[in-house]
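Only one structure is covered here, and it is reproduced in the block below.
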Amino acid sequence: MSNGILEGFWLDLVFFLILFPFIAAIVLLLIKADNVRSAVVGVSALLIAAVSVWLLVAYATSGTVFFPVSPEPLGELMFLIGMGIAVFILYMGFRYKNYIAIALTLIQSAMLVYFEFGISHGAAPENNFFVDQFSIIMALIIGIIGSLICVYAVSYMKDFHHHHPELKDRRRTFFFIMFVFLAAMFGLVFANNLGWLFFFWEVTTLSSFLLIGYTGTDEAIKNSFLALNMNLLGGLAFAGALIWLALTGGGMELDKLIATGGIIALVPAVLISFAGITKAAQFPFSSWLVGAMIAPTPVSALLHSSTMVKAGVYVMVRFAPVLQGTTPGYMIALVGGFTFLLASAIAISQSNAKKVLAYSTIANLGLIVACAGIGTYEAIWAAILLIIFHAVSKSLLFLCVGTVEHQVGSRDIEDMNGLITRMPKVAVMMLIGMAGMFLAPFGMLISKWAAIRAFIDAPFGVIFVIILAFGSALTVFFWAKWMGRLISVPPPVENAERRVSRTEWLVLSFLAGLVVLATVLFPLISSYLVEPWLFAIYGQVTRLAQENVAIMLIMLFLLMVLPVSMLHYRKNQRQLKPYMGGMTTTSRMHFTGAIGIDREVTLGNYYLENYFGEHKLSKIGVPLCIILLAIMFAGVAVAGLVH
Amino acid sequence: MYNTPSDHVCRGRRCGVGALMSIIYALLFLLLAPVAGGLIAGIDRRITARMQGRVGPPILQPFYDVGKLFEKEKVVVTNSQNFYVLCYLVFIALSGAMFFGGGDLLLVIFAFTLAHVFLVLGAYASNSPYSHVGAERELIQLMACEPIIILAAVGMYMVTKSFYVADIAATKIPLIVFIPGLFAGFVYILTMKLRKSPFDLSTSHHAHQELVKGVTTEFSGSTLGSIEIAHWYEAIFLLGFVYLFFSWSPVIAVIAIIIIYVFEILIDNTFARVKWPLALKSSWLVTAVLGILNLAVLYIIGGFLK
């Protein structure tokens with residue numbers, strides 16, 4: 001379990017994972033032919049996924065390994081690209097007359113120029129990249145789930161432009177950005193130099209901006225600027241952290257900073273966590289992620305599962321040891337807690353499937369943020385499990401909704417009534433994805449359970465236990481009623497599943513398998529990756545007791561075996577029509593209503609708008625979390641002054 | 001390298017002979033709970049009848065009823081509905097077995113929720129208006145009950161320092177003294193879980209339901225019988241949960257269970273059914289006020305004891 005230093009970064013898997021998606025992106029920018037593009041995406045995705053797994057095999061047991069990389073020319077190159085990005089955003093800002101974006105970019109560029117030429121000189125760190133177990137977990141999520149989403153996107157985007165002939169086909173740019181996004185995410189999880197981490201951070205902001213605005217409609221442009229501005233605001237805080245570190249001599253190396261702790265580390269931890277809160281779409285910044293669903297579905301899947309929002313919680317989990325037990329840490333945790341509670345409640349009132357998924361993402365990220373803010377080893381264990389399981393289930397759900405949308409022509413949950421007869425395989429996969437989100441014995445529930453235990457043992461944790469108890473009840477409601485829509489068996493209809501492409505089937509089946517597999521393998525993930533990592537940082541670890549793992553495996557086994565009973569139930573049963581209060585109905589559920597009008601029975605879910613409406617609850621969540629963030633900044637400012 | 005507490009510490013009766021005892025207790029639950037649950041249902045019906053000035057059926061009537069249900073013709077609206085009911089029965093029995101086997105209380109609660117989700121799915125599957133509304137209401141009830149059940153388990157943990165039912169049952173601390181608020185909250189939602197008025201919204205034991213039979217409208221024959229058996233399992237599990245609050249003294253615990261159950265029957269016969277918003281709001285309010293106050297007090301006491 002010793003930490004090592006490894007020369008030869010340029011030949012290492014880590015460097016390959018950062019560079020290769022970028023090369024693939026450039027190749028994809030140049031390719032025009034459809035089938036060549038699918039081949040390139042397929043091969044690149046396979047390679048990225050394979051190398052991520054190879055990284056696991058190579059580094060799983062080697063603790064933290066640092067890569068000394070000379071800051072020249074890489075650091076200078078990053079600075080230049082960063083300035084190029086700023087110029088590009090300024091151009092976009094002027095083109096679409098978005099002056100907030102222009103102002104934020106100008107301030108940030110000024111800060112970075114000051115940082116680069118005014119104060120950072122001579123303080124260039126050596127160990128600029130590193131890999132540890134947490135990086136490996138993130139790399140697996142990005143490398144496997146991110147690549148699968150890209151593969152799915154090939155087939156989806158073809159359909160997408162077929163369905164929307166009015167939109168300009170910019171698929172070359174689309175796949176370019178998707179792969180740049182992956183490259184930036186790999187860079188982000190391997191960077192030990194905070195300045196470099198910030199570079200990758202800004203690339204993800206830019207990528208999401210461009211992907212959300214892909215279709216170029218007015219709404220898409222509006223939402224993409226909303227996302228850009230909120231994330232640029234977070235970027236400002238991040239840049240502020242860099243300047244603080246340069247001024248106080250705290251050093252740019254993530255590992256040393258966290259080991260140092262104290263106020264030197266707390267100020268940047270809070271500023272970067274603020275950036276994380278914007279990126280992870282917590283209240284008051286949740287609206288950008290909800291608006292982002294305007295983008296084609298693979299983009300949503302990517303933003304929600306393996307990139308963007310996960311970058312936000314990744315840095316917060318990194319800084320968790322510094323936040324532990326501090327007032328700003330508790331404020332961050334409260335922002336996460338209230339976001340979890342309110343976003344879960346809002347999800348109840350939504351009938352748009354992508355919006356439900358978006359609010360569920362915001363809610364679950366809230367839970368991760370709460371764990372990070374509390375920062376005990378138990379809370380971080382729960383946070384990492386949440387990151388893993390959420391990525392798997394949520395990507396599957398988004399892609400399923402995308403497939404349904406193209407075949408059924410709607411993303412409304414009410415239109416998914418009886419999907420089990422129209423698109424049986426997709427419906428079953430969706431059910432697996434949803435079970436993965438809230439039911440025992442699947443991953444997300446294990447994680448919530450871990451979170452409850454972590455909260456009880458933490459000081460003031462009782463508050464979070466109460467939030468979690470109410471929040472998880474809300475979660476059960478909105479997932480279960482959606483499940484109910486899918487499985488209700490309406491009068492016979494035609495199967496609409498045959499038109500789904502083989503690529504989509506492949507990706508969906510793989511992800512559905514992964515939901516189950518992650519649950520089976522989680523004790524191994526915990527003991528080989530998460531626990532050694534926690535032990536290295538905290539000197540303590542936690543895990544589930546073995547008999548509980550055994551019971552959960554029994555439950556999983558039962559869930560896989562019980563459907564066999566369907567074969568038995570098909571025989572010897574007489575089928576009748578549903579009871580209609582004595583009213584006679586036709587086989588298609590039509591009945592003769594008042595004054596002899598022929599009516600069809602339609603059933604709809606409860607959305608309880610009066611209680612859980614989006615605007616109503618946002619009006620509570622936004623000011624509440626702004627106050628909490630203000631207390632957080634005040635707390636850190638007081639601590640800084642005392643220092 | 002390192003050890004976690006769970007690797008080498010054995011608490012409760014979870015090791016060696018203890019593990020064997022757990023399995024025996026779990027098996028005893030699986031065998032005896034339907035008998036006990038059926039008997040309680042029979043006594044319930046007798047007491048209810050007396051409260052209404054009737055003689056009432058024989059104590060064994062619930063068994064005759066279920067036996068008759070299994071003789072009936074198999075009739076369904078859709079084939080899949082029986083599958084969901086089977087899952088409901090299996091997971092209710094499993095969560096009860098885990099509980100009486102002394103397992104982790106939170107895991108028991110999660111398995112219990114899973115079971116109920118299956119019942120709701122079974123009601124949705126039939127695409128029938130009455131069972132559809134029943135399913136929606138059942139979900140609302142699930143949402144109303146869940147917080148206090150979790151918080152009750154958390155309160156027990158804060159006092160006994162264990163989530164294992166075996167440890168909580170073996171404690172010498174009078175839990176009820178420390179968590180009366182959580183107990184009151186639990187009794188409040190117990191009415192819902194036992195499907196008693198004023199909270200018998202999704203389905204009812206009484207014949208007068210505006211939703212016909214709510215979630216169970218489209219189930220008949222052996223499937224309806226299975227739901228009834230699952231409900232017996234559930235009743236015993238819930239009364240077991242009540243036992244934990246008084247576990248320091250088994251005699252008092254049994255007396256408490258009897259009083260609570262008779263109290264529930266009395267409420268059932270004296271209150272009219274309420275609408276779902278009131279059921280949801282009132283149970284969340286009770287949970288929020290009693291549960292949070294109780295946990296806050298516990299937390300402060302815990303701080304002083306440290």
Per principal axis, descending, Cα span of segment A:1-47 in whole Å
49, 18, 10
Hey, what angle do you get for helix A:443-457 against the long axis of chain A, alpha-carbon based, 0 to 90 degrees rounded to 10?
50
For segment B:270-306, run through the chymotrypsin sites (Phe, Trp or Tyr not before Pro) and keep only the ones in DSSP coil with at most 14 other Cβ atoms within 10 Å of their Cβ.
B:Phe271
Past 23 Å, Cα to Cα, is the threshold; run A:Lys310/A:Lys394; A:Lys355/A:Lys577; A:Lys279/A:Lys355; A:Lys577/B:Lys72; A:Lys97/A:Lys619; B:Lys213/B:Lys275 against it and keep the listed order.
A:Lys355/A:Lys577; A:Lys97/A:Lys619
If unit charges are put on Cβ atoms (+1 for Lys and Arg, -1 for Asp and Glu) and the dipole of chain A is taken about its Cα centre, the option from A:Ser207, A:Ile368, A:Leu396 lying farthest towards the positive end turns out to be A:Leu396
Count, for each residue of B:213-226, the Cβ atoms from other chains sitting within 10 Å of its Cβ, then give me the mean as a whole number.
1
Could you give log10 I(q)/I(0) at q = 0.11, 0.12, 0.15, 0.27 Å⁻¹ for segment A:341-414, computed by the Debye formula over C-alpha point scatterers of equal weight, without solvent?
-0.34, -0.39, -0.57, -1.15
Taking 0.36 nm per residue of sequence separation and subtracting the Cα-Cα distance, how much length would be gained by fully extending the chain between A:Ile107 and A:Leu506, in nm to one decimal?
139.0 nm
Please give the helix A:71-95 orientation as an angle from the longest Cα principal axis of chain A, in degrees from 0 to 90, rounded to the nearest 10.
50
Considering the dipole of the protein assembly as shown built from charges on the beta carbon (Lys and Arg +1, Asp and Glu -1) around the Cα centre, which of B:Leu20, A:Ala33, A:Thr248 is farthest to its positive end?
B:Leu20
By Kyte-Doolittle mean hydropathy of at least 1.6 and Cα axial length of at least 24 Å, which whole DSSP H helices of chain B are selected?
B:105-125, B:250-270
Taking B:116-122, B:84-90 and ranking on average Cβ neighbours within 10 Å, highest first, one gets B:116-122, B:84-90
Which residue, chosen from A:Met589, A:Gln546, A:Tyr569, occupies the Cα position most advanced towards the positive end of the dipole of segment A:539-636, where the dipole is computed from +1 (Lys, Arg) and -1 (Asp, Glu) charges on Cβ about the Cα centre?
A:Tyr569
From Cα coordinates alone, what are the radius of gyration and Dmax values for segment B:97-203 in angstrom?
15.8, 51
extent check for chain B: Cα max minus min per principal axis, descending, whole Å, gives 60, 39, 37
Segment A:593-630-segment A:333-388 distance, computed between alpha-carbon centres (Å)
20
Sum -39500 (n - 2.57) across every DSSP H segment of at least 4 residues in chain A, then divide by the residue count to get the 222 nm mean residue ellipticity, nearest 500.
-23500 deg cm²/dmol
Over the whole of B:110-121, what's the average partner chain Cβ count within 10 Å per residue? Rounded to a whole number, please.
5
Convert 20 °C to kelvin, take the viscosity as 1.002 mPa s, use the Kirkwood radius over C-alpha pairs of segment B:169-306 as Rh, and evaluate the Stokes-Einstein diffusion coefficient in µm²/s, rounded to a whole number.
128
Equivalent ellipsoid dimensions for segment B:22-65 as semi-axes, Å, which come from the Cα gyration tensor, largest first:
28, 10, 4
Which residues does a label at A:Leu517 reach in segment A:413-436, if reach means a backbone N under 16 Å from a point 7 Å past the Cα toward the Cβ?
A:433
Using just the Cα positions, wrap segment A:387-430 in a convex hull and report its mean projected area in square nanometres, one decimal place.
3.0
Given Cα pairs under 8 Å that are at least 6 residues apart, what percent is the relative contact order of chain A?
14
According to a simple spin-label model (label point 7 Å from Cα along Cα-to-Cβ), what is the distance in nm between A:Leu641 and A:Ile100?
3.0
Cα to Cα, under 16 Å, and not fewer than 8 places away if on the same chain: which aspartates and glutamates meet these conditions relative to A:Lys158?
A:Asp34, A:Glu166, A:Asp169, A:Glu405, A:Glu504
For chain A, max minus min Cα coordinate along each principal axis, in Å, sorted largest first?
86, 56, 47
Determine, at each q value in 0.15 (inverse angstroms), the log₁₀ of I(q)/I(0) that the Debye formula gives when each Cα of segment A:369-471 is one equal point scatterer.
-0.68
In segment A:568-643, what trypsin sites (Lys or Arg not before Pro) fall in a loop by DSSP, with at most 16 other Cβ atoms inside 10 Å?
A:Arg570, A:Lys571, A:Arg588
Over all directions, average the projected area of the Cα convex hull of segment A:443-589 and note it in nm².
14.8
Shielding by other protein chains, B:137-149, mean Cβ within 10 Å
4
Looking only at lysines whose Cα falls under 20 Å of B:Lys172's and that sit 8 or more positions away or on another chain, we get B:Lys161, B:Lys306
Going through segment B:21-71, which trypsin sites (Lys or Arg not before Pro) have at most 14 other Cβ atoms within 10 Å and a DSSP loop state?
B:Arg54
Rg and Dmax of segment A:1-135, Cα atoms, in Å?
19.2, 54
Nearest-20 debye value, the protein assembly as shown charge dipole, Cβ charges on Lys, Arg, Asp, Glu:
1800
Among B:250-261, B:214-225, A:499-510, A:169-180, what's the highest-first ranking by average C-beta atoms within 10 angstrom per residue?
B:214-225, A:169-180, A:499-510, B:250-261
Give me the angle, in degrees from 0 to 90, between the Cα long axis of helix A:614-642 and the longest principal axis of the Cα atoms of chain A, rounded to the nearest 10.
20
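Coordinate-derived values only; no laboratory data. This one's a predicted model, so the numbers in the text were calculated from it and none came from an experiment. Using ideal geometry, Cβ is built from the backbone for each residue, glycine included, and neighbour counts are taken over all protein chains shown.
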